[in-house]
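Where a number appears in this text, it was derived from the coordinates with a stated rule and is not lab data. Worth saying up front: this structure is predicted, and the values here are computed from it rather than measured. Cβ placement follows ideal geometry from the backbone for every residue including glycine, while neighbour counts extend to all protein chains displayed.
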Amino acid sequence: MIKQIVDLHIHSKYARACSPQLEIPNIAKACEQKGINICGSGDFTHPSWFAHLENELKEIGESGLYTWKNGQSQTRFIFTSEISCIYKHKDKVRRVHLVLVAPSMEAAGKLNSALSARGVNLRSDGRPIMGLHAKEVLKMMLDIDKRFMMIPAHAWTPWFAVFGSKSGYDSLEDCFEELTPHIKAIETGLSSDPTMNHQLSALDNIVLVSNSDAHSLDNLGREANVFAFENEKDITYDGVRDCIESNDQKKFLYTIEFYPEEGMYHVDGHRACGVSMEPKESKKNKKICPKCKKELTIGVLHRVEDLADREVKDIKPGKFIPHKYIVPLREIIAEALEVGKGSKKVQAEYDGLIKKIGNEFFILLDVDLEKIKAAVSDQNIYLGIKNMRASEVVATPGFDGQYGKVQTIKTRISGAKQAKLI
């Protein structure tokens, strides 16, 4: 069995609010540090980025997967892009973000031409806004190549998602109508996890994928998918597609998840007033901010509860693809050293651990804890990773566009005594 960690949803330097460092050479190297084997290309709809992809990538045989042309990286790439569909449907303005996964560079190019012919301004942004119905884009893709995949992005976020509280739908069928059977998977997003999604029986046959939606190199792989292939020749576009669509736990081993509380829209709130609250409390307040009396932004937890038809205790163990939670290594180091995660101290410790032990996912998920204990400069880092693996964390939920916080170290180590989480 060959295990592959896959992140299908990233962005390029051409997408709004994204790092200028997001170019193929840098992404390929960062993926190796993270432990990502297959990475989405991001933003293939943008003409300048598509030209960059043509310049920098070559296909591996006829696999539909690509590699950096200079041969200095083992990272494989798959053609992906995120689009923003804003349109009126069923008497309501809909704002739906979608991840498009193409079977080849050629197919991606044909879709770009088809979108341009419909008047879409692809140069406007790496994640282009278009007035086309989500179903209409899906039909265009399938007309080009039936192997295309469309995955609703961060499916629960309030403003731009298929189930979003502000402009989404109550079901996939409401959005995609007769083409719904072609939607095999949805992306859970940072503010929800698989357990939350499994409270909806309507999603029992929908595969839940997790991706980073990275806007910077550091955020690559903050969520990801772990697939298993029998041998190298099976690692192809069709192989990736089969891992997702078969919903087979022997092929789709697990997803790697943010703690959902850390996401920007986990609970309800009003960021301008610093107000956040759980769904029960916001319902008591009639979804109104107690400070300014304006409407709260209804978060993912609330939206899931509104649509759910069963409780967590009623979810059958072993029925669905498993998942594992992580806290990014830089965040654990920053908390342990009590400095910002962008500091030189964090970077030096991070680089040292990668050099001594291996890639970030190996450190967070697989390596023996004693090896981490021996390698770190501060035992709080070891403690943080140990607590993360045991899900012994303290979470402050995010709301209304503000990230939450997950602490892996509740108290400090004193002498030889290790901290214990409460």
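Observations on the structure shown:
- The simple spin-label model puts a point 7 Å past each Cα toward its Cβ; for A308 and L369 those points are separated by 3.0 nm.
- For the residue pairs K283/K324; K3/K319; K251/K316; K251/K319; K294/K341; K13/K355, the C-alpha atoms sit more than 23 angstrom apart in K283/K324; K294/K341; K13/K355.
- The label-point distance for K280 and E392, in a model that sets each label 7 Å from Cα toward Cβ, rounds to 2.7 nm.
- Sorted ascending by nearby beta carbons within 10 Å, beginning with the fewest, I372, I288 become I288, I372.
- Unit charges at the beta carbon, dipole of region 2-262: most positive-side option, G221, T45, S210: T45
- Ordered by the number of other Cβ atoms lying within 10 Å of each residue's own Cβ, fewest first, I86, I244, I321 fall into the sequence I86, I321, I244.
- Theoretical FRET efficiency, 1/(1+(r/R0)^6), r = Cβ-Cβ of S48 and S246, R0 30 Å, to 0.05: 0.25
- Scattering curve values for the chain, log₁₀ I(q)/I(0), Debye with Cα scatterers, q = 0.06, 0.09, 0.14 Å⁻¹: -0.24, -0.55, -1.37
- Magnitude of the charge dipole for region 327-407, about its Cα centre and with charges confined to Cβ atoms of Lys, Arg (+1) and Asp, Glu (-1), is about 200 debye.
- Gain upon complete extension [H89, E23; 0.36 nm per residue less C-alpha separation]: 20.1 nm
- Charge-dipole axis of region 2-262 as Lys and Arg at +1 and Asp and Glu at -1 on Cβ define it, positive-most pick from G35, N197, Q21: Q21
- Residue-count net charge about A15 - beta-carbon cut-off 13 Å; Lys, Arg +1, Asp, Glu -1: -1
- Take the Cα of K139, step 7 Å toward its Cβ, do the same at D238, and the gap between the two points is 2.8 nm.
- In order through region 192-209: 3J(HN,Hα) via Karplus (6.51 cos²θ - 1.76 cosθ + 1.60), integer Hz, x for Gly, Pro: 10, 10, x, 4, 4, 5, 6, 6, 9, 5, 5, 9, 4, 9, 9, 7, 9, 10
- In sequence order, calculated HN-Hα J values of region 286-296 (Karplus, 6.51, -1.76, 1.60; Hz; x Gly/Pro): 6, 6, 10, 5, x, 8, 9, 6, 8, 5, 6
- Pairwise centroid distance, computed over Cα atoms, of region 70-106 with region 301-366, Å: 25 Å
- log10 of Debye I(q)/I(0), alpha-carbon scatterers only, for region 1-108 at 0.10, 0.11, 0.14, 0.24 Å⁻¹: -0.30, -0.36, -0.56, -1.41
- Pairwise centroid distance, computed over Cα atoms, of region 160-198 with region 19-58, Å: 27 Å
- Options T157, H270, L122, ranked by Cα towards positive dipole end of the chain, top entry (Cβ charges): H270
- By the count of other C-beta atoms within 10 Å, a proxy for reagent exposure, D400, D91 are ordered fewest to most as D91, D400.
- Normalised by 2.2 N^0.38 Å, with N the number of residues, the alpha-carbon radius of gyration of region 301-373 equals 1.60.
- Normalised contact order of region 327-407, rounded percent, pairs of Cα under 8 Å and 6 or more residues apart: 26 percent
- Placing +1 on the Cβ of every Lys and Arg and -1 on the Cβ of every Asp and Glu, with no other charges, gives region 2-262 a dipole of roughly 640 debye about its Cα centre.
- Convex hull projection area averaged over all views, region 272-422, Cα basis, nm²: 12.2 nm²
- Over the C-alpha atoms of region 327-407, the Rg to Rh ratio, Rh being the Kirkwood estimate, stands at 0.97.
- The chain: antiparallel DSSP beta bridges as a percent of all, rounded to 5: 70 percent
- When +1 charges are put on Lys and Arg Cβ atoms and -1 charges on Asp and Glu Cβ atoms, the dipole computed for region 128-178 relative to its Cα centre reaches about 220 debye.
- Within the shell of other residues whose beta carbon sits under 11 angstrom from the beta carbon of K69, the net charge comes to -2, with Lys and Arg scored +1 and Asp and Glu -1.
- Candidate aspartates and glutamates for bridging to K280, where Cα separation is under 15 Å - those fewer than 8 sequence places away on the same chain excluded: D268, E305, D306
- Segment D378..D174, full-extension length gain: 68.2 nm, with 0.36 nm per residue of separation and the alpha-carbon distance subtracted.
- Annotation: lysines with alpha-carbon distance below 25 angstrom to K90 (same-chain offsets under eight excluded): K135, K139, K166, K184, K287.
- Rounded to the nearest 500, the 222 nm mean residue ellipticity of the chain from helices alone is -8000 deg cm²/dmol, with -39,500 (n - 2.57) taken per DSSP H run of at least 4 residues.
- For region 246-282 and region 116-134, distance of Cα centres in Å: 29 Å
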